[in-house]
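Written out below as structure tokens is the structure these notes cover.
The values are calculated or read from the model by the stated rules, or taken from the named source; none is laboratory data. Worth saying up front: this structure is predicted, and the values here are computed from it rather than measured. Cβ: placed from backbone, ideal geometry, glycine included. Neighbour counts: every protein chain shown.
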Amino acid sequence: MRKYSIFSLVRNALSYHQNWQQAWRSPDPKPQYDAIIIGGGGHGLATAYYLAKEHGISNVAVLEKGWIGGGNTGRNTTIVRSNYLWDESAHLYEKAMKLWEGLSQDLNFNVMFSQRGVMNLGHNLQDMRDIERRVNANRLNGIDSDLLTTQDVKRMVPIINAAQDARYPILGASFQPRGGVARHDAVAWGFARGADARGVDILQNCEVTGIRRQNGAVVGVETSRGFIASRKVGIVVAGHSSVLAGMAGVRLPIESHPLQALVSEPLKPVLHTVIMSNAVHGYISQSDKGDLVIGAGIDSFNGYGQRGSFSIIESTVAAIKELFPIFSRVRMNRQWGGIVDVCPDACPIIGKLPVKGLYINAGWGTGGFKATPGSGWVFAHTIAGGEPHPLNAPFSLERFTTGALIDEHGAAGVAH
Amino acid sequence: MLLIECPWCGERSQQEFTCGGEAHIARPAAPDALSDADWADYLFMRKNPKGRHLEQWCHTAGCRRWFNVARDTVSYEIAHVYKVGETPPGVSE
């Protein structure tokens, strides 16, 4: 991998930018790999990267049925934060946060991680009690978290509607200063380039159609590009988790729903932080390109169509307009949807499946992007050693049998 | 936006309805006799198919009755609407 630097920029400028090295190869599949990662999104590519970097396992293939980052990684609203309530999830998301903080340097790829803060608004007494509890829980876990008053919110975000006679007035908020946004495509490409440089094969247009097993152990996968053997297979495919698990005869507690988002026309900088509201449902930030990036709750029906109903868009924009009257004339440019794999407790499933050598990383639902590096890091550990890391051990599939669910619907911040 | 034909009220906009998830999940007759794994399967595990899905919907802003829908989760096309207790054509239960 030729390092990106001011020197490489100058050197390539001298040859009219015609000699930049390809960021990743497109090799033919080998007949066998030490590990196969099914799913070429941010989480899958991060898994492959950390398998190579942290565990020295580089004879790895990432199989992606479309193009890398074309699924939820390319469709989210780019928010990064770690202010979750329970110890187990707080530690997992904070692991991701700490990786985010060095990621551009580590990958030698600018993921545009902007720690502009994330604000979660409270609109009634119960919201404020929940927020106060979560802020304290965060602080006890060493995660930066502040409690804001209405005046604090209005001072930090002058354009917000802080009127106390609003239908759902802002009574306060939680604020995580280290939270913010990152460029989602850059995350996929950065991890892909880093993984490829360490010997990982990234195989696009390679759809897994079957998981071959012998004596209760995985031996490889059938794909649209032929059979590929491996004794370690990690499924990390978000919305298609049930489909892939079904190929191994495994049922999951996951339901796939559409999740929509939209962006506005580019505007001059007007919103300098990320605002999320559970009650007045919507979340918003402004990209470096100037677009307002707005997200919604899920469509309530199951859907793999990567699109949802317009009523969701209408009610989300109404919420945004209620919070930011100044945006009432802004034109929306583009809207789309992804497929989110929703779990009953709004927490992921990261661990072993009841087939030897088969691992799953799924159920991140509406909140996977922020966890991308952390998710890949713990999944790589799990696959390399055959056992979960303490950070992802609580997130086993078995918790649905033992009852040890970890309920993060509140901190998830997205209506289910 | 889906157009859903309520068996009692006729064709109405999706906004009038609430989706109740996967249909035909029978509550076990003797929960105490089940293992934790079987109980977990009933409570949490779902088919979540990419394709034909049998679901339950409630006409919350209308007659407030529950009914079943056979719908494709990729195209969102509704193949059949049928009342609780009926079997949709072409499906073996």
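Structure above, values below:
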| item | result |
| --- | --- |
| Criterion violated by A:VAL233 - all others in (1) surrounded by 23 or more Cβ atoms within 10 Å (Cβ to Cβ); (2) within 21 Å of B:ARG52 (Cβ to Cβ); (3) among the β-branched types (Val, Ile, Thr) satisfied | (2) |
| Selected residue [closer than 18 Å to A:THR150 by Cα and either more than 22 Å from the chain's Cα centre (by Cα) or within 14 Å of chain B (Cβ to nearest Cβ) (or both)] from A:LEU271, A:LEU267 | A:LEU271 |
| Options A:VAL270, A:VAL263; residue that is modelled with pLDDT of 95 or more, under 19 Å from A:ILE160 (Cα atoms) and in contact with an Asp or Glu (Cβ under 8 Å, 6 or more places away or on another chain) | A:VAL263 |
| Hits in region A:263-279 - residues which are of a type in the set (A, V, I, L, M, F, W, C) and surrounded by fewer than 22 Cβ atoms within 10 Å (Cβ to Cβ) | A:VAL263, A:LEU267, A:VAL270, A:LEU271, A:ALA279 |
| Selection status of B:TYR82, out of contact with any Gly (no Cβ under 7 Å at 6 or more places or on another chain) and more than 12 Å from chain A (Cβ to nearest Cβ) | yes |
| Count - residues of region B:1-24 that are of a type in the set (A, V, I, L, M, F, W, C), surrounded by fewer than 16 Cβ atoms within 10 Å (Cβ to Cβ) and within 12 Å of chain A (Cβ to nearest Cβ) | 2 |
| Residue among A:GLY290, A:GLY297, A:GLY308, A:GLY303 that alone is touching a residue at least 12 places away in the same chain (Cβ under 8 Å), closer than 27 Å to A:VAL270 by Cα and within 14 Å of another protein chain (Cβ to nearest Cβ) | A:GLY297 |
| In region B:27-66, the residues that are more than 8 Å from chain A (Cβ to nearest Cβ) and within 12 Å of the chain's Cα centre (by Cα) | B:ARG52, B:LEU54, B:GLN56, B:TRP57, B:CYS58, B:TRP66 |
